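Heads up: the structure comes next, in structure tokens.
The values are calculated or read from the model by the stated rules, or taken from the named source; none is laboratory data. Everything numeric in this text was worked out from a predicted model, so none of it was measured. Every residue, glycine among them, receives a Cβ derived from its backbone with ideal geometry; neighbour counts consider all protein chains shown.
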Amino acid sequence: MSFKTPRRASALTRVAIAAASGLVVGAFAAAFGPWQLAPLIGWDATALTWVGLIWTVIWPMNAEQTAARAGHEDPTRPIADVLLIFAAVASLVAVGFVLVRARHAGGLRELFQVALAIASIVLSWALVHTTFTLRYARMYYTGPDGGISFNQTEAPAYADFAYMAFTIGMTFQVSDTKLETQEARSIALRHALVSYLFGTVIVAVTINLIAGLGGK
């Protein structure tokens, strides 16, 4: 128990730090800028902090370290998973609001709001796939069967799970990995559906921006 508690606490601490940074940055944005943009700016700060902290920790890990930490680095069980993904999707709704405002802003203000919208999409996209990176690692190393074949003799590290997660995020399918259990396929299906949502929004935003620029 003493071995597990600090590691779980460290994962929860990162979530708390990210949430606190979002609140502080959001409050600052509301005090010194348009309050309507404050929630989105706060969300961006939260996502950037959390993703940055996570990758600073997990990217250098080898397979042995990944196996030891996989059950503790995933803070998304069960309610936090819903909250993180819901927050990412909700931020995309806010992006639409920002793009509408940008059309009526003009000048540097318009450029700032468009940049904010793009940053929000990128950060939310990175957060979702980072969340699934942690989820795949946890499933593999805490379940009885692993569930994923990476077609290699050595055990997978976080980099391998990131490869799978971001491949699904960009192509909506697995590539040279093999899903071997129902749980793995279920997680990958949810991941692909969320990825498709992001892909649709990215295309819509791109068309919106091109149309806006072409109309000037």
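Residues that are surrounded by fewer than 18 Cβ atoms within 10 Å (Cβ to Cβ) and part of a loop (DSSP other than H, G, I, E, B) within the range 126-149 comprise 143, 144, 145, 146, listed in sequence order. Just one residue in the set 155, 165 is more than 20 Å from residue 204 (Cβ to Cβ), at pLDDT 90 or above and not in a helix (DSSP H, G or I); that residue is 155. Counting only residues that are among the small types (Gly, Ala, Ser) and surrounded by fewer than 22 Cβ atoms within 10 Å (Cβ to Cβ), which one in the range 46-66 is nearest to the chain's Cα centre (by Cα)? Per the criteria, the residue is 52.
Restricting attention to the range 96-117, does a residue exist that is surrounded by fewer than 18 Cβ atoms within 10 Å (Cβ to Cβ) and at pLDDT 85 or above? No, because not a single residue in the range 96-117 is surrounded by fewer than 18 Cβ atoms within 10 Å (Cβ to Cβ) and at pLDDT 85 or above.
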